[in-house]
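Enquirer: Pasting a structure here, questions to come.
The values are calculated or read from the model by the stated rules, or taken from the named source; none is laboratory data. Just so we're clear, the structure is a prediction, and the values are computed from it rather than from any experiment. Note: ideal-geometry Cβ built from the backbone for every residue, glycine included; neighbour counts use all protein chains shown.
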Amino acid sequence: MRMTLAAAAIAAGTLVAGTALPALAYDGTKCKAAGDCWEPKPGFPDKIAGTKYDPKHDPKELNKQADSIKAMEERNRKRVEAFKRTGRFEYDVTKLASQ
(Lines give C-alpha, C1' and ligand atoms only; values in the text may rest on other atoms or scores of the structure.)
Protein backbone atom coordinates (compact mmCIF):
# COMPACT_ATOMS: atom_id res chain seq x y z
CA MET A 1 0.00 0.00 0.00
CA ARG A 2 2.82 2.41 0.91
CA MET A 3 4.65 1.66 -2.35
CA THR A 4 1.50 2.40 -4.37
CA LEU A 5 1.02 5.74 -2.62
CA ALA A 6 4.69 6.64 -3.07
CA ALA A 7 4.56 5.77 -6.76
CA ALA A 8 1.38 7.80 -7.20
CA ALA A 9 2.95 10.78 -5.43
CA ILE A 10 6.05 10.60 -7.64
CA ALA A 11 3.92 10.35 -10.78
CA ALA A 12 1.80 13.32 -9.71
CA GLY A 13 4.90 15.36 -8.89
CA THR A 14 6.42 14.57 -12.26
CA LEU A 15 3.21 15.54 -14.01
CA VAL A 16 2.99 18.85 -12.16
CA ALA A 17 6.68 19.63 -12.76
CA GLY A 18 6.37 18.74 -16.43
CA THR A 19 3.50 21.15 -16.94
CA ALA A 20 4.93 23.96 -14.79
CA LEU A 21 8.37 24.20 -16.44
CA PRO A 22 7.23 25.51 -19.82
CA ALA A 23 5.42 28.31 -18.02
CA LEU A 24 8.78 29.51 -16.66
CA ALA A 25 10.25 29.89 -20.15
CA TYR A 26 10.46 33.19 -22.04
CA ASP A 27 6.96 34.34 -22.86
CA GLY A 28 7.85 35.56 -26.36
CA THR A 29 6.55 39.09 -26.12
CA LYS A 30 9.26 40.44 -28.46
CA CYS A 31 10.03 37.45 -30.69
CA LYS A 32 11.24 38.12 -34.25
CA ALA A 33 9.84 34.73 -35.28
CA ALA A 34 8.49 31.65 -33.55
CA GLY A 35 11.27 30.45 -31.26
CA ASP A 36 13.59 33.38 -32.14
CA CYS A 37 13.29 35.39 -28.94
CA TRP A 38 16.91 36.31 -28.23
CA GLU A 39 17.50 39.95 -27.39
CA PRO A 40 20.83 41.57 -26.55
CA LYS A 41 21.30 43.24 -23.23
CA PRO A 42 21.01 47.02 -23.23
CA GLY A 43 24.26 48.56 -24.44
CA PHE A 44 25.32 45.53 -26.50
CA PRO A 45 26.58 46.83 -29.89
CA ASP A 46 25.03 45.93 -33.25
CA LYS A 47 28.50 45.43 -34.73
CA ILE A 48 30.92 43.49 -32.49
CA ALA A 49 34.20 44.11 -34.35
CA GLY A 50 36.28 46.77 -32.63
CA THR A 51 34.31 46.74 -29.39
CA LYS A 52 35.13 45.25 -26.01
CA TYR A 53 33.11 42.17 -27.05
CA ASP A 54 35.42 41.45 -30.02
CA PRO A 55 37.42 38.26 -29.21
CA LYS A 56 40.42 39.41 -31.35
CA HIS A 57 41.57 35.89 -32.26
CA ASP A 58 45.26 35.45 -32.96
CA PRO A 59 45.77 34.05 -36.51
CA LYS A 60 48.62 31.83 -35.26
CA GLU A 61 46.28 30.25 -32.71
CA LEU A 62 43.60 29.73 -35.35
CA ASN A 63 46.06 28.02 -37.73
CA LYS A 64 47.50 25.58 -35.17
CA GLN A 65 45.03 22.83 -36.01
CA ALA A 66 45.54 23.21 -39.76
CA ASP A 67 49.32 23.04 -39.27
CA SER A 68 49.07 19.93 -37.11
CA ILE A 69 46.84 18.23 -39.70
CA LYS A 70 49.38 19.01 -42.45
CA ALA A 71 52.16 17.51 -40.30
CA MET A 72 50.02 14.41 -39.62
CA GLU A 73 49.36 13.93 -43.34
CA GLU A 74 53.09 14.25 -44.07
CA ARG A 75 53.91 11.59 -41.45
CA ASN A 76 51.24 9.29 -42.88
CA ARG A 77 52.64 9.81 -46.40
CA LYS A 78 56.09 8.77 -45.16
CA ARG A 79 54.63 5.68 -43.45
CA VAL A 80 52.79 4.60 -46.61
CA GLU A 81 55.89 5.08 -48.77
CA ALA A 82 57.97 3.02 -46.34
CA PHE A 83 55.29 0.32 -46.23
CA LYS A 84 55.20 0.11 -50.04
CA ARG A 85 58.99 -0.07 -50.13
CA THR A 86 59.53 -2.60 -47.31
CA GLY A 87 56.18 -4.37 -46.89
CA ARG A 88 56.34 -3.69 -43.14
CA PHE A 89 54.35 -0.94 -41.38
CA GLU A 90 56.33 1.20 -38.96
CA TYR A 91 54.44 3.69 -36.82
CA ASP A 92 57.47 5.61 -35.55
CA VAL A 93 58.51 8.01 -38.31
CA THR A 94 61.94 8.62 -36.75
CA LYS A 95 62.79 4.96 -37.42
CA LEU A 96 61.84 5.38 -41.07
CA ALA A 97 64.61 7.91 -41.70
CA SER A 98 67.25 5.40 -40.59
CA GLN A 99 66.09 2.73 -43.06
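Enquirer: For segment 26-72, give me the residue count where each residue is loosely packed, with under 10 Cβ neighbours inside 10 Å, among the hydrophobic types (A, V, I, L, M, F, W, C) and outside the structural domain of Thr94 (by the TED database).
Expert: So the answer is 4.
Enquirer: So, one more: Across segment 55-99, what is the total count of residues that are closer than 30 Å to Pro45 by Cα and of a type in the set (A, V, I, L, M)?
Expert: The total comes to 1.
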